[in-house]
Amino acid sequence: MTDALAENPAQTDLPPGAPLGTALALGGFLLGGALEQKIGDALVKRFGPLLTAKVPSLGTVVFVMDPAHIRSMVSAPSGSLVSGRGNAILGFLYGRTSMFLVDGAPHHRLRRLLVPPFRNKDTLAQYGQVMEEVANELLDEMPLGRPFALLPALRHGMLEIILRVVFGVEEEARLAPFRAAFTELLDISTAASTSVRFALRGIVSLKKWQRLQDTLRVSDGLIYSEIARRRNDPETETRDDILALLLRTRTEDGDLLSDVEIRDQLVTLLIAGHETTATTLAWAFERVLRTPSALARLQAELEAGGHEYADAVVSETLRLRPPIPVFSREVAGDFTLGGYKLPKGTMLVGNIGYIHQREDLYEGPQAFRPERFLGRRHELGVYAPFGGGLHSCIGNHFAALEVRVFLQVMLKRGQFVVPRKAAERIQRQTILNLPARGARVILRGRSPDHVYPGRADSKA
């Protein structure tokens, strides 16, 4: 069932669906966890791997629950599927020129600008040094001997990395106002009330949401002031942060990017890269600390100076607990999926969270087994935590490096345990898979010496 699926001979417009199927699909998504998987199995058995539903604020939605159809989605011809409307829920934060909201040529142009620094090995190595510094600083601030939720601390750490690597802000006096403003902005972007307000936007205007408007005014003011300051800074020509790159970039016509274009990409990287990475890292700790064999193997590798198993830990965490378990595309041109010629405007939702835990694709899918990813790669569709195709996450290598570096630094220096044996359940907040208790841990002790696992001159 992972490769060739039977085509629908009738060539009807939409796959099967029913009000009860819609209710079950949405209910399962909101609940998350094992119940969602059971509901998904029942829906696939009843309707097949494509399920049509009517969803408020989105209209006609087809849930895609099989790897072969996922591959069809991400390899669709240019112009047949677009992604902008699926990301519109945060469009009022991203901005109208965000790479998440544009398609076609504008999207390709932005990817060409932003992908290189997130994929270049030398640049990633420099960013890795910043990650090591932040991880060490964060560990120094954690309380000893009492339970605490790791996720809030990790959110703080991810924000520090974004401020230094993406925005290029390093001086403490200038970091403080950015921290305050961006923390508020990120709180709004992940709040459950944001989804409700978006769904009811035809009744309640987002422009009248005072907290949102106040936060955008402060954060945008800081961003535009920083853009203006950096345009007049000669060091911008030689710096490696993302803001410097955007300031040096010229369009095909030789023009510099506008302040609005730069602002929108910076905010997109902030929102898209912050909560997802912090959540993945929190789950990585939660799973590793509750899997003694994985913890022992990871710590042995740390002593030996490798990172192959740590990378496998990251991959297995993204399989078992993808921070965002779905991705979407909208039908914009001729597109046939499973024999159904889908009408324009149909929203396709790839349910990777369900696929990642199918028993016919993964042996013991509920178990945390990083060994699944040692020496092998799973085919696209079977494993797709970052989506795929032209709209795949540009920061996947960057995010994976963040998670690995934090695991290495914090497990090398710190002695972490979990305060209770029971695993943390998934809490679905908007579209995020959060650990219900925030990944609670106890830090029993820590080495005073900072460690830098990614550097040849690292000293424990």
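In table form, for the structure just shown:
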quantity	calculated
Difference of contour (0.36 nm per residue) and Cα-Cα distance, ARG420 to THR251	55.4 nm
Helical segments meeting 24 Å axial Cα length and Kyte-Doolittle 0.0 threshold in the chain (DSSP H)	172-190, 259-289, 396-413
Expected 222 nm ellipticity per residue - DSSP helices of 4 or more, -39500 (n - 2.57), all of the chain, to 500	-15500 deg cm²/dmol
Chain lengthening between ARG239 and THR183 when straightened (0.36 nm per residue, less Cα-Cα)	17.6 nm
Distance (nanometres) between label positions extended 7 Å along Cα→Cβ at ALA436 and ALA18	3.0
Ordering of 149-155, 248-254 by packing [mean C-beta count within 10 Å, highest first]	149-155, 248-254
Segments 358-365, 294-301 sorted - mean Cβ within 10 Å per residue, highest first	294-301, 358-365
For the stretch 118-159, convex hull of alpha carbons as volume per residue, Å³	73
Packing rank of 60-70, 92-102, 107-117, where each peptide gets the mean count of other beta carbons within 10 Å, highest leading	60-70, 92-102, 107-117
Length released on extending from ALA42 to ASN120, taking residue separation times 0.36 nm less the Cα-Cα span	23.7 nm
Percent RCO, i.e. relative contact order, over the stretch 19-446, from Cα pairs under 8 Å lying at least 6 residues apart	27
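Computed from the coordinates by the stated procedures, all read-outs in this text should not be read as laboratory data. Note that the structure is a prediction, hence the values are computed from the model and not measured. Please note: Cβ atoms are built from the backbone with ideal geometry, for glycine as well, and neighbour counts cover all protein chains shown.
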